[in-house]
Amino acid sequence: MADLSTQNPCGVARRVAAALLRAGGGTTACLQMPPLQGDSSIAGQIGLDAPGFLSLPLAPVVFRKARVAMQDGQLPKYELLVSAQAVESAVTQQKLSSAQSLFTMASGVVVAGKLFLIEAISASASQGEPYLYRLLIQEACGEWPV
Amino acid sequence: MQNAKDTFYITLRNRLTAVNPARSMTLRSVSRPGILVADAEAPMPQPLLDVFSITWTGLAADLQLPAILAQMTCEIRYATAGTQANAGLDRGRALEEMDSEVFHLLYPYSAQKMNYTQNPAAAMETMVFWSEPEFGPIVTLRDRLSRTAKVTVFAFQEAGEQ
């Protein structure tokens with residue numbers, strides 16, 4: 001049976017999540033996004049041309065280690081908790097249809113000058129509205145500064 | 001060897017536009033034929049569906065010939081979950097369509113080697129040629145079907161080529 005009680009989303013969960021992220025050591029992460037005008041040349045498809053990624057800042061986010069590396073050579077994994085307000089703003093700015101599109105388009109995320117690869121994305125929602133995104137990320141092997 | 005890899009990819013890409021123009025994708029803000037070189041794109045946690053991904057794995061060289069003959073193993077990976085219109089129940093048919101396209105992409109089994117580091121690309125003196133595809137089994141992951149076709153690509157190292 002359908003729940004017909006009135007529950008108008010008022011965004012309180014989003015504001016609480018953003019406040020908690022700020023209070024919990026919130027910082028800024030930057031998604032690496034493709035340029036608005038892509039490189040359609042052959043050189044751009046075979047790794048000759050620089051991709052010209054753009055940096056799209058997201059804040060507040062909380063960055064934390066997800067688990068300890070258990071084997072030699074295994075890179076540690078981290079979690080990035082991202083405010084849904086920041087994600088919504090980025091989705092609007094990029095004129096995308098969804099947060100999923102945003103994260104799918106991103107080639108990685110830069111936190112404190114280090115590049116991480118996005119492995120999985122999940123969202124927590126209240127009253128049908130996401131208020132927090134959780135990104136499982138892994139350190140990229142390349143040690144170049146970004 | 002890089003020229004041979006580039007030639008192989010561009011050949012297959014150009015053939016795909018003729019075999020199935022509808023198989024396209026938007027990657028890094030560019031709409032292009034649905035085939036990519038995995039090591040020339042950003043790492044992806046999940047493979048893109050309904051496109052071909054080229055991965056270079058094995059390498060061997062025959063040094064007994066007047067010019068070095070490089071043998072490179074290429075894996076063409078592809079996956080599908082069917083179409084939304086058919087709620088994914090056509091994923092078997094969609095994979096079969098991609099199997100068929102692999103045959104058409106690879107035939108004929110040779111191409112003129114090109115140097116794409118120059119603009120315009122310059123024809124080189126030898127050909128790149130490759131074997132018939134060796135299809136692996138279908139791998140099922142939830143509603144996704146995927147397969148890998150292996151091809152051995154041969155190319156002579158020309159003078160001055162890296």
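Where a number appears in this text, it was derived from the coordinates with a stated rule and is not lab data. A quick note: this is a predicted structure, and the numbers were derived from the prediction, not measured. Please note: Cβ atoms are built from the backbone with ideal geometry, for glycine as well, and neighbour counts cover all protein chains shown.
Okay, residues lined up against (1) of a type in the set (A, V, I, L, M, F, W, C); (2) within 22 Å of residue B:112 (Cα to Cα); (3) more than 10 Å from chain A (Cβ to nearest Cβ):
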residue	(1), (2), (3)
B:12	yes, yes, yes
B:27	yes, no, no
B:35	yes, yes, no
B:43	no, no, no
Given (1) in contact with a Pro (Cβ under 7 Å, 6 or more places away or on another chain); (2) farther than 30 Å from residue B:2 by Cα; (3) not acidic (Asp, Glu), index of the condition residue A:20 fails: (1)
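Determine, yes or no, whether residue B:114 is within 12 Å of chain A (Cβ to nearest Cβ) and aliphatic (A, V, I, L, M).
On the way: within 12 Å of chain A (Cβ to nearest Cβ): yes; aliphatic (A, V, I, L, M): yes.
So residue B:114 fits the description; yes.
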Unmet criterion (only one of (1) away from chain A (no Cβ under 12 Å); (2) among the acidic types (Asp, Glu); (3) farther than 28 Å from residue B:93 by Cα) for residue B:50: (3)
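Okay, residues lined up against (1) free of Cβ contacts under 8 Å to residues at least 12 places away in the same chain; (2) more than 26 Å from residue A:124 (Cβ to Cβ); (3) part of a strand (DSSP E or B):
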{"residue": "A:13", "(1), (2), (3)": "no, no, no"}
{"residue": "A:17", "(1), (2), (3)": "no, no, no"}
{"residue": "A:41", "(1), (2), (3)": "yes, yes, no"}
{"residue": "A:52", "(1), (2), (3)": "no, yes, no"}
{"residue": "A:57", "(1), (2), (3)": "no, no, yes"}
{"residue": "A:64", "(1), (2), (3)": "no, no, yes"}
{"residue": "A:81", "(1), (2), (3)": "no, no, yes"}
{"residue": "A:96", "(1), (2), (3)": "yes, no, no"}
Any chance residue A:115 is in a strand (DSSP E or B) and within 14 Å of another protein chain (Cβ to nearest Cβ): yes
